[in-house]
Amino acid sequence: MMDKTININIAGTLFQIDEEAFRILRDYLQAINNRFRNVQGGHETIDDIESRIAEIFQSQKGMAGVISKANVEAMIAIIGKPEDFDHTGTETEAPVYTSQRKRMYRNPDDSIISGVCGGIGAYLNTDPVLFRILFVLFTMLFGAGFFVYIALWIALPSARTDTQKREMFGGAYHSTGSPIRQPDNTFVSSAPVYNSGYNNTSRIGNAFNEIFRALGRVCYIILRIFLIIIGVMLVLTGFLFILSFVMIFVFKYPWVFSADGFDMNFIYFPDFLNYIVSPASAPWIIALTSIAVVLPMLALIYWGVKMIFWFKAKDGIVSLAGLVLWVLSIAALSIILFNEGISFAETAKISSQNIFSHSPDTLFVKADKKVSDLKYEKELSLKREAYTVFINEEKKELYIRPHMNVNLSDNDLARVEIRKLSSGRTEPDARKRAEELLYNYSVNGDTLLLDEYLTIPSGRKWSADDVGINLYIPEGTVLKFDSASENLLHARSGFEYEEDSDSTKWVYNKRLWVLTDDGLKPLSSQPAKQK
């Protein structure tokens, strides 16, 4: 048969204690009360002892949380018996329990918003109204008061326990005792008392307190509304970002993030990654990038939910684990990317040129191999740079659209220059890669034949490859493009395109251009004779 248990309250903390232990504790506290109740500072001493008893019991782990006789005897051994306390007559010094170092807290018992001013007032033994007025004045005049208040709100803990309140008041706080109760017996009172001078405030101080309390309620409501709005924004931002990330890189929905509406089209970037880095690194890069991107967004969503519903949670371990995981993912990703990035350390260019036998008045530029004839499954593009990569999964080949620049020739002869560019670990390696690029062109009388794409050999990784076509012609030469070759002209910015007066769009597909002092301009006259 189990011993009878009794619910008691010591220093504001509830405990369950068995009947035998209760009798020992009751006699012990009664002896303490008899010992110190008639001496100077006796009430404070009794309160300190009770708080110490509560702390000891909280640190002990009895069976099923019940205080046993052994727990009580262990407590008495720590604190000591009343007859062991040194004293001399009625002038007995209080034991060490009344010696408290001062520490600043927020005072929840004298709080309008968070108890910051109440805590400062308790610490300095000054009416907190003065500090409230100062914070309001500094906020209105300089704006700094608000931020200082928020910083103190975050930095200062709240004085919840009697020990913390004694530290806040520097020993000026005491309660007349927290009761130990059983159904028919109460032998210690529990009403809290503050022995501080500033509680007896004047009528003006009380009026100010009421005003600040009303302002505090208004500020609290405004702050809650503001935090709810911020929380909703954080939740939506995190959710939409994660949704977009999944739609782009998992489901490859181009309408989420396409080259038609944005500066880049990266929906096939994970597939393209296999052509950039080693096969062993690609899945790690994708996984670590996902962690590095998604974890902060999940944190945003969580913070937003906390702001909306204003709850506290024991999330320290989870937050720390998430932070450690995020830092490790960033570190691992950086190491992998650095190792792979060595392959792009050096850049090399190789050039070849062809001079026209004569400078025609009209130069025809035509595409030989066209992108429209290619068989490719995926496309990756940077719209602003007009850099487009076409991926042929079957042949494991990459195709890249080159770009054309038209420049004024320094003589009366027209010429075309082809520049191939690649990167590598060393300059010789980069030069070798540039030489491997497959791109064809030819000059035939007044016609320039160009491929609309260059080919990276099957099995070779992408190395920031590019081909630039520089066409040098005399001033006044008319250029006639077909639709495919004109795409090369539009592949880079830098030309002045005429704006259509009937719309807000730039005029492309003019087919007919003329080189002037001001650059390449669409020709408004009749088209030249087709060849």
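A Cβ distance below 6 Å, combined with a sequence gap of six or more or placement on separate chains, defines the contacts here; from region 212-231, residues that are within 26 Å of L130 (Cβ to Cβ) reach residues that are surrounded by 12 or more Cβ atoms within 10 Å (Cβ to Cβ) in the pairs F212/I112; F212/R132; R213/I112; G216/I112; G216/I113. Is it the case that W303 is touching a residue at least 12 places away in the same chain (Cβ under 8 Å), surrounded by 12 or more Cβ atoms within 10 Å (Cβ to Cβ) and among the aromatic types (F, W, Y)? So W303 fits the description; yes. Scanning region 430-473 for residues that are touching a His at 6+ places or on another chain (Cβ under 9 Å) and either outside the structural domain of E394 (by TED's automatic domain parsing) or within 13 Å of M404 (Cα to Cα) (or both) turns up D466, V467, G468, I469.
Yes/no per residue for (1) at pLDDT 80 or above; (2) over 30 Å from W153 (Cα atoms); (3) within 56 Å of the chain's Cα centre (by Cα):
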| position | (1), (2), (3) |
| --- | --- |
| F22 | yes, yes, yes |
| V72 | yes, yes, yes |
| A94 | no, yes, yes |
| T98 | no, no, yes |
| N107 | yes, no, yes |
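Filter region 429-476 down to the residues that are over 18 Å from Y387 (Cβ atoms), under 43 Å from the mean Cα position of the chain (by Cα) and acidic (D, E) and list them by number. D429, the sole residue that qualifies.
Exactly one residue out of I67, I112, I32, I53 is at pLDDT below 85 and surrounded by 21 or more Cβ atoms within 10 Å (Cβ to Cβ), and it is I112. Scanning region 437-458 for residues that are within 20 Å of L479 (Cβ to Cβ) and either among the hydrophobic types (A, V, I, L, M, F, W, C) or in contact with a helix residue (DSSP H, G or I) (Cβ under 7 Å, 6 or more places away or on another chain) (or both) gives V443, L448, L449, L450, E452. Within region 477-488, if we keep just the residues that are under 47 Å from the mean Cα position of the chain (by Cα) and hydrophobic (A, V, I, L, M, F, W, C), the residue that is farthest from T516 (Cα to Cα) turns out to be A484.
Having 2 or more residues that are within 30 Å of G341 (Cα to Cα) is the bar; report the strands (runs of 3 or more DSSP E) wholly within region 362-479 that clear it.
Working: elements: 362-367, 378-382, 387-392, 397-400, 403-408, 415-424, 441-444, 447-450, 454-456, 466-473.
It comes to 378-382, 387-392, 397-400, 403-408, 415-424, 454-456, 466-473.
Applying the condition of being in contact with a Ser or Thr (Cβ under 7 Å, 6 or more places away or on another chain), among the acidic types (D, E) and farther than 22 Å from G459 by Cα to region 365-418 and asking which residue is modelled with the highest pLDDT yields E417. Note on region 395-428: among residues that are more than 30 Å from V478 (Cβ to Cβ) and either in the same structural domain as Y275 (by TED's automatic domain parsing) or surrounded by fewer than 17 Cβ atoms within 10 Å (Cβ to Cβ) (or both), the one that is nearest to the chain's Cα centre (by Cα) is R425. Among the residues of region 24-57, those that are within 55 Å of the chain's Cα centre (by Cα) and closer than 17 Å to K69 by Cβ comprise L25, L29, I53, I56, F57.
The values are calculated or read from the model by the stated rules, or taken from the named source; none is laboratory data. The structure displayed is predicted, hence computed values, not measured ones. With ideal geometry, Cβ positions are generated from the backbone for all residues, glycine too; neighbour counts draw on all protein chains shown.
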